[in-house]
Structures are given as C-alpha cells and as structure tokens.
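Asks: Submitted below is the structure of interest, expressed as structure tokens.
What follows is calculated from the coordinates using simple rules that are stated; it is not laboratory data. Worth saying up front: this structure is predicted, and the values here are computed from it rather than measured.
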Amino acid sequence: MVNMGNRLKTLRTDKKLTQKQVADRIGLVVKFAQMYHVSTDYLIGMTNMRSIDVTGLAEDEIALIAQMADMLRNKKQSHRP
C-alpha cells in the first residue's frame, strides 16, 4: 500500500518545492476561502457548491440550518415539472 505522505513528498520534490513553500500556498488558498466564505473545494474547482459559514454557531443551530436547507431542496424538487 502506498503511503499518502510518501506520495505527497514525491510530488513536492518532483516540483522542487520545499515544505514551507507548499504550506504557504495551502495557507493562501485557505485564507482566500475564509475571506470569501466558501469551501476550499469550491475555490479550487472541486465542487460548484458554496458552503455556508457556520462559525460561532452551536451544533444544534448548525443542524437546524442543515434541516432548513434540506426542506428547501425538497420543496424545490417537488415543484419541478
């Protein structure tokens, strides 16, 4: 089995990048995602779905938002022709 750490190291060294350079680039992506209130997956094109910033909310409040989103999706789907 291939170790992910070894694979990442090989990819990094193939590109002649230091660990700090990689960390700085990853940190920049995370900062952009936080600034725009989207997920890093959305920012780098892995998904077209934006995320909702739930920072500072309690777990039950987050669950309520998820339920509301599900209700809205279901309502929208039931009204399709």
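Asks: Rounded to the nearest 500, what is the chain's calculated 222 nm mean residue ellipticity when only DSSP H runs of at least 4 contribute -39500 (n - 2.57) each, over all residues?
Replies: Computed mean residue ellipticity for the chain: -21000 deg cm²/dmol.
Asks: Could you work out the Kirkwood radius for the chain, taking every pair of different alpha carbons, averaging 1/r and inverting it, reported in Å?
Replies: 16.1
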